[in-house]
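> I'd like to ask some things about the structure below.
The values are calculated or read from the model by the stated rules, or taken from the named source; none is laboratory data. In this text the structure is predicted, and so the values were computed from the model without any measurement. Glycine also receives a Cβ, built like all others from the backbone with ideal geometry; neighbour counts cover every protein chain displayed. The accessibility values were calculated without ligands, DNA or RNA, using every heavy atom of the protein model including side chains. Shrake-Rupley method; radii C 1.70, N 1.55, O 1.52, S 1.80 Å.
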Amino acid sequence: QVQLVESGGGLVQAGGSLRLSCAASGRTLSSYAMGWFRQAPGKEREFVATISWSGNIKFYADSVKGRFTINRDNAKNTVYLQMNSLKPEDTAVYYCAGTHRTASDLRIAPEKSNDWGRGTQVTGSS
């Protein structure tokens, strides 16, 4: 069983930046695709970004494309989400997810993911 722990959230003024980290522990492999999702109050969980095990394939939601960057360091079993130009609408709890399936599968069917973190709060103030 893989455990995922997010960190790096906080309160940032609009236009600011944050970097989220998700550290994985347990039985991880280099084939472990990972991603980020977010959920705002009163809304369903939303896809943000996913990344393949190699880091060569990345998917982004249109709402964050050009502002957010996902990457990973397999040696550290960690995935990152660099968030720039934060907007108030980015405010949500951000969740890390992982799967032994593909990054595309994780994006399309996140509820089939094997592992989820508990989330970290990100607030972009106006």
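> From the list G9, G42, which one is open to solvent by less than 60 Å² (accessible area, probe 1.4 Å) and either closer than 15 Å to D115 by Cα or out of contact with any Pro (no Cβ under 7 Å at 6 or more places or on another chain) (or both)?
Among G9, G42, only G9 is open to solvent by less than 60 Å² (accessible area, probe 1.4 Å) and either closer than 15 Å to D115 by Cα or out of contact with any Pro (no Cβ under 7 Å at 6 or more places or on another chain) (or both).
> Hey, another quick one. If you check A97, A103, A92, which single one turns out to be over 11 Å from W36 (Cβ atoms) and not β-branched (V, I, T)?
The conditions single out A103.
> Identify, by number, the condition in (1) surrounded by fewer than 19 Cβ atoms within 10 Å (Cβ to Cβ); (2) over 15 Å from L20 (Cβ atoms) that T123 doesn't meet.
(2)
> So which residues in region 102-120 are polar (S, T, N, Q) and either exposed (fewer than 15 other Cβ atoms within 10 Å of the Cβ) or more than 12 Å from the chain's Cα centre (by Cα) (or both), if there are any at all?
Scanning region 102-120 gives T102, S104, S113, N114.
> A further question follows. Within region 75-101, count every residue that is open to solvent by 60 Å² or more (accessible area, probe 1.4 Å) and modelled with pLDDT under 95.
Of the residues in region 75-101, 4 are open to solvent by 60 Å² or more (accessible area, probe 1.4 Å) and modelled with pLDDT under 95.
> Taking the criterion of being closer than 19 Å to Q1 by Cβ, at pLDDT below 95, out of contact with any Cys (no Cβ under 7 Å at 6 or more places or on another chain) and aromatic (F, W, Y), would at least one residue in region 44-65 satisfy it?
yes
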